[in-house]
1. Out of Lys105, Lys85, report the one residue that is at pLDDT 95 or above and farther than 24 Å from Ser6 by Cβ.
2. Pairs needed: first member in segment 162-180, among the polar types (S, T, N, Q); second member anywhere, modelled with pLDDT of 95 or more; C-beta distance under 7 Å; at least 6 residues apart or different chains.
3. What strands (runs of 3 or more DSSP E), lying completely within segment 115-184, carry at least 2 residues that are of a type outside the set (Phe, Trp, Tyr) and within 16 Å of Lys85 (Cα to Cα)?
4. Of the residues that sit in segment 67-117 and are near the ligand (Cβ under 8 Å from one of its atoms), surrounded by fewer than 21 Cβ atoms within 10 Å (Cβ to Cβ) and within 24 Å of Arg178 (Cα to Cα), which one is nearest to the chain's Cα centre (by Cα)?
5. Give the number of residues within segment 12-37 that are more than 19 Å from the chain's Cα centre (by Cα) and within 15 Å of the ligand (Cβ to nearest atom).
6. Output the residue which, of all residues in segment 131-157 that are in contact (Cβ under 8 Å) with a residue 24 or more places away in the chain and over 22 Å from Tyr107 (Cβ atoms), is nearest to the ligand (Cβ to nearest atom).
7. Please go through segment 148-169 and give me each residue that is in contact with a strand residue (DSSP E or B) (Cβ under 8 Å, 6 or more places away or on another chain) and more than 16 Å from Val93 (Cβ to Cβ), ordered by number.
Amino acid sequence: MYLQTSRLVLRNFTDADLDVFWTYRNDPEVAKYQGWEFPYPRERAVDFVSSMRERVAPKQGGWIQFAVALKDTDELIGDLGCYVKKEDVRQAVIGFTIASKYRRKGYAAEIIPCLLEYLFEDMDMHRVTADCDADNIASYRALEKVGFRREAHYVESFFFKGAYASEYYYGMLRREWREKYRRR
Ligand SMILES: CC(C)(COP(=O)(O)OP(=O)(O)OC[C@H]1O[C@@H](n2cnc3c(N)ncnc32)[C@H](O)[C@@H]1OP(=O)(O)O)[C@@H](O)C(=O)NCCC(=O)NCCS
């Protein structure tokens, strides 16, 4: 995997990403709406990076995470993941993280379309979805910015970190992607 935008690259993880990855996974602001163990143990980060380093393409029924790095320095600033549904190889779910110090610079909105292009145009996806906590404004604003449609609002549907949380579900079809980004 090596895709680029004007400021960023989407690539496979390397061992050099380990410390930065482990650090932002341990940032309470980054972890607030995420399901990983917190504090996030270093051994988990080591396992994660080594498993993702070798994984070159999405596999049906499994997640793959790609590193998001600054184009100029190759410094890791976050990650984007996708899951190809077990029951339908043409449907995927995405997730994303940008480290706190790089937020609100338009990086999520710049790199998510890169993953969408890969999923719709190279992987022939019919539909891509994403979900987030209804309080996670940054997440749903980023999804809406890149063209996702809100499809559902589940109220107190998810027991998360000691309380019931509400969730928004978003979707995008390939024809919607092509219409928005004018691709054929
Ligand atoms: C969600 C996340 C990836 C957004 O990354 P980002 O690079 O800061 O997002 P962008 O700068 O591209 O912003 C995209 C849009 O969201 C808006 N936005 C981003 N953060 C926001 C915030 N905290 N409050 C309100 N709007 C916000 C931006 O203003 C922009 O919309 P606009 O251009 O129409 O104004 C980042 O906040 C993050 O990693 N959060 C923690 C991990 C997480 O919760 N991931 C999602 C799990 S479902």
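The values are calculated or read from the model by the stated rules, or taken from the named source; none is laboratory data. Note that this is a predicted model, so its numbers are computed, not measured. Cβ: placed from backbone, ideal geometry, glycine included. Neighbour counts: every protein chain shown.
1. Unique residue meeting the criteria: Lys85.
2. Going by the 7 Å Cβ cut-off, the qualifying pairs are Ser166/Ala134; Ser166/His153; Ser166/Tyr154; Ser166/Val155; Ser166/Glu156; Ser166/Ser157.
3. 127-133, 163-173
4. Top of the filtered list is Gly95.
5. Counting residues in segment 12-37 that are more than 19 Å from the chain's Cα centre (by Cα) and within 15 Å of the ligand (Cβ to nearest atom) gives 0.
6. If we take residues in segment 131-157 being in contact (Cβ under 8 Å) with a residue 24 or more places away in the chain and over 22 Å from Tyr107 (Cβ atoms), then Ala134 is nearest to the ligand (Cβ to nearest atom).
7. His153, Val155, Glu156, Ser157, Phe159, Phe160, Tyr164, Ala165, Ser166, listed by residue number.
Quick grid of which residues meet (1) exposed (fewer than 13 other Cβ atoms within 10 Å of the Cβ); (2) touching a helix residue (DSSP H, G or I) at 6+ places or on another chain (Cβ under 8 Å); (3) modelled with pLDDT under 95:
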position: Val20; (1), (2), (3): no, no, no
position: Glu29; (1), (2), (3): yes, yes, no
position: Glu37; (1), (2), (3): yes, yes, yes
position: Pro41; (1), (2), (3): no, no, no
position: Asp47; (1), (2), (3): yes, no, no
